[in-house]
Every structure is written in C-alpha cells, then in structure tokens.
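Presented below is the structure to which this report refers.
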Amino acid sequence: MTTDTAGAPASDPRALTLENVERNLDELRPYLMADGGNVEVVEIDGPIVKVRLQGACGSCPSSTMTLKMGIERKLREAIPEVAEVVQVL
C-alpha cells in the first residue's frame, strides 16, 4: 500500500493530497463556472491550500466570501487536515 507525505494511505479520501483537493474542488467548479469563474490549486504548503481564483471569480467583490465560506469550508469538512485556504495572485 502506498502512502502520501503525511503517512495516510494514498487511497484515503480524507488525506490532504492534491488528488483529494482536486476531487472536492470538482464538486464546486460547476457553481463557479456558472458565474464565469473557476479555481486552480497553486500549492499545498503543509496544512494550507493555496488557490488562484480565475475568470470572474478573480475580480468579484464576493470572492473572499466564495473562498472562505465556499471553498475553504468544503475542503475543511472533507479533508480535516486542511487548516486554511488562501488566495494567491
């Protein structure tokens, strides 16, 4: 059995891996795309997931709310190791 960098089984859907982050973001993408935006994972730095909001989401006045109450909330519920989601430009 393979493990990720944190020692969790690689197939564990609650492990903090790029694959698991992307899978969870894929569930949110249709809503972001409906408003002309998207999200890209830039880096996973320890328990912090760094993302870039794209398209309309990058310049939307509600982007902070989308990031914290939407993306961060979803990732923290699905992957307990996620401490924070931050936006990078």
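Just so you know, all these numbers are worked out from the coordinates, no wet-lab data involved. Predicted model only: the values in this text are computed from it and were never measured. Reconstructed Cβ throughout: ideal geometry from the backbone, glycine too, with neighbour counts over all protein chains shown.
On alpha-carbon atoms, Rg over Rh for the chain using Kirkwood Rh?
0.99
For segment 27-68, divide the Cα radius of gyration by the Kirkwood radius and give the resulting Rg/Rh value with two decimals.
0.98
For segment 36-47, in order, what is each residue's ³J(HN,Hα) by Karplus, 6.51 cos²θ - 1.76 cosθ + 1.60 with θ = phi - 60°, in whole Hz (x at glycine and Pro)?
x, x, 6, 9, 10, 7, 8, 6, 10, 10, x, x
Out of all DSSP beta bridges with both ends in the chain, state the antiparallel percent to the nearest 5.
70
What list of ³J(HN,Hα) values in whole Hz, one per residue of segment 61-76 in order, does the Karplus curve 6.51 cos²θ - 1.76 cosθ + 1.60 (θ = phi - 60°) give from phi, with Gly and Pro shown as x?
The phi angles translate into x, 8, 4, 5, 5, 4, 5, 7, 8, x, 5, 5, 4, 4, 5, 5 Hz.
Using a simple spin-label model with points 7 Å from Cα along the Cα→Cβ vector, what separation in nm is obtained for MET33 and VAL88?
For the pair MET33/VAL88, the computed spacing is 2.4 nm.
Taking only Cα atoms and a 10 Å spring cutoff, compute GNM fluctuations for the chain and point out the largest among PRO47, PRO13, PRO61.
Per the Cα network of the chain with a 10 Å cutoff, PRO61 tops the list.
Report the relative contact order of the chain, percent, no decimals, based on alpha-carbon pairs under 8 angstrom and at least 6 residues apart.
29
Quick one: length gained pulling SER62 to ARG23 fully straight, 0.36 nm per residue minus the C-alpha distance?
Values: separation 39, 0.36 × 39 = 14.04 nm, distance 2.35 nm.
Here the segment from SER62 to ARG23 would lengthen by 11.7 nm.
Please give the FRET efficiency for MET69 paired with ILE48, using the beta carbon to beta carbon distance and R0 = 22 Å, rounded to the nearest 0.05.
Approximately 0.80, to the nearest 0.05.
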